[in-house]
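**Student:** Would you mind keeping the following structure in view while I ask a few things?
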Amino acid sequence: MNKDQKRDQDRDTRVANTLMINDIKDAQQKVTVDNPANLKYEKLMKFSDGDFPDYFKEIFQNFGFNNTTPIQQHCIPVAMEYNDVIGIA
């Protein structure tokens, strides 16, 4: 890969990351939770705070998954208590 191709690839990566961050910010403002069973749970804001096996936490960390998405914040705690979950994102 020559210098120009590398520069273009880096630029494209930065643009894609910026778009993804903006999509997440938009999604955070549009979260609606329907909880007909009135289940009580605490949102999971960071993967490191979840009750996952250590090897899962290591995988999350290796891939750079630190913060959960809005749908994960609500669905993971409910699912971890063996409840059925339908999530639409």
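**Student:** Spelling out what I want: for every residue of the range 77-89, take phi, set θ = phi - 60°, compute 6.51 cos²θ - 1.76 cosθ + 1.60 (Karplus), and round to whole Hz; glycine and proline get x.
**Tutor:** Couplings: x, 5, 5, 5, 9, 6, 9, 6, 9, 10, x, 10, 10 Hz.
**Student:** Separate question: Give me a comma-separated list of calculated 3J(HN,Hα) values for the range 36-41, in order, Karplus coefficients 6.51, -1.76, 1.60 applied at θ = phi - 60°, integers in Hz, x for any Gly or Pro.
**Tutor:** Each residue of the range 36-41 in turn: x, 7, 6, 5, 9, 7 Hz.
**Student:** ³J(HN,Hα) across the range 56-73 via Karplus (A = 6.51, B = -1.76, C = 1.60, θ = phi - 60°), whole Hz, x for Gly/Pro?
**Tutor:** Rounded to whole hertz, the list is 5, 4, 5, 5, 4, 5, 4, 8, x, 8, 9, 8, 7, 7, x, 5, 5, 4.
**Student:** Sticking with this one: Place the peptides 64-73, 35-44 in order of packing, highest mean first, counting for every residue the other Cβ atoms within 10 Å and averaging per peptide.
**Tutor:** Ranking, from highest mean packing down: 64-73, 35-44.
**Student:** Using modelled backbone amide H atoms (1.01 Å from N, in-plane), which distant-in-sequence or interchain residues come within less than 5 Å of Thr68's amide H?
**Tutor:** Correct list: Lys46, Phe47.
No lab work stands behind these numbers, since they all come straight from the coordinates. Note that this is a predicted model, so its numbers are computed, not measured. Ideal geometry is used to build each Cβ from the backbone, glycine not excepted, and the neighbour counts take in all protein chains shown.
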